[in-house]
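Participant: I have a structure I would like to understand better, so I am pasting it below and will then ask my questions one at a time.
No lab work stands behind these numbers, since they all come straight from the coordinates. Source: prediction; values computed, not measured.
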Amino acid sequence: MASQPQVSVVMGSDSDWPVMSAAVTVLEEFGVPWEADVVSAHRMPRDMIAYGSAAADRGIAVIIAGAGGAAHLPGMLASVTPLPVIGVPVPLAHLDGLDSLLSIVQMPAGIPVATVAVGGARNAGLLAIRILATADASLRQRMTSFQEDLRATAQSKGAALQARLSQPQQPQPQPPQPQPQQPQPPQ
Ligand code: RP5
């Protein structure tokens, strides 16, 4: 992107991108400059440490880190940066992402990672925007408008449900009932 990225979106592999792209999508919606890259904790540990160590000095304000399985990337980045780190557990083919979730959320005291739901990259992006909005009145106003839109959407869903429930119920076709057995005369 042309302007200085404020949010770094990193992941353990490009196979995480289908999940992690939702964070970038919402950053784009709010006009927040971002960068994205693969920074694997296990396959390129020295590069990962260098990336995390330099992020704050490069002007990054928030790091969103997603990984799957033995997902050590968010926690390791948090250990080498003073920036807020948001962890996204990426679900893989086994264990439904529970392995990723527990690997990211169970951090030791002193090194926080703000962990979102399994696959919750969009919420990670929204949380990053809220963090930036604490020092940006214009961004805060856009977040407030976004929340008002959510409320309006939820209200219209309630109205649609009420409209469906107020329709007269159509009688449902009944399955054929078994006929009572006639008593047989004794043979
Ligand atoms: C993790 O291993 C990555 O974050 C990814 O979720 C998973 C699989 O990576 P690939 O084998 O697809 O490169 O480190």
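Participant: Relative contact order for the stretch 80-187 using alpha-carbon pairs under 8 Å, separation at least 6, rounded to a whole percent? The partial results should precede the final answer.
Facilitator: Values: 71 pairs, mean separation 20.1, N = 108.
It rounds to 19 percent for the stretch 80-187.
Participant: Over all alpha-carbon pairs of the chain, lay out the pair-distance distribution in 10 Å bins, whole %, shortest bin first.
Facilitator: 9, 30, 25, 12, 8, 6, 5, 3, 2, 1, 0
Participant: Per residue of the stretch 140-147, in order, report the coupling 6.51 cos²θ - 1.76 cosθ + 1.60 (Karplus, θ = phi - 60°) as ³J(HN,Hα) in whole Hz, putting x for Gly and Pro.
Facilitator: Here the 3J(HN,Hα) series is 4, 5, 5, 5, 4, 4, 4, 5 Hz.
Participant: For the stretch 152-166, in order, what is each residue's ³J(HN,Hα) by Karplus, 6.51 cos²θ - 1.76 cosθ + 1.60 with θ = phi - 60°, in whole Hz (x at glycine and Pro)?
Facilitator: Taking θ as phi minus 60°, the curve returns 4, 5, 5, 5, 5, 5, x, 5, 5, 5, 4, 4, 5, 5, 7 Hz for the stretch 152-166.
Participant: Continuing with this model, one more query. Enumerate the amide H contacts of residue 115 below 5 Å, restricted to partners 5 or more residues apart or on another chain; note that Pro and chain-start residues carry no placed amide H.
Facilitator: 87
Participant: If you take the Cα atoms of the stretch 14-99, find Rg, then find the Kirkwood Rh from the mean of 1/r over all pairs, what is Rg/Rh?
Facilitator: Details: Rg = 12.9 Å, Rh = 13.4 Å.
Ratio of gyration radius to Kirkwood radius for the stretch 14-99: 0.96.
Participant: Collect residues whose amide H, placed 1.01 Å from N in the peptide plane, falls under 5 Å from the amide H of residue 68; neighbours closer than 5 in sequence don't count.
Facilitator: The answer is 12, 90.
Participant: Let me ask something else about it. State the Kirkwood hydrodynamic radius of the stretch 91-187 in Å, one decimal place, computed from all pairs of distinct Cα atoms.
Facilitator: Working: mean 1/r = 0.0504 Å⁻¹.
Averaging 1/r across every pair of different Cα atoms and inverting gives 19.9 Å.
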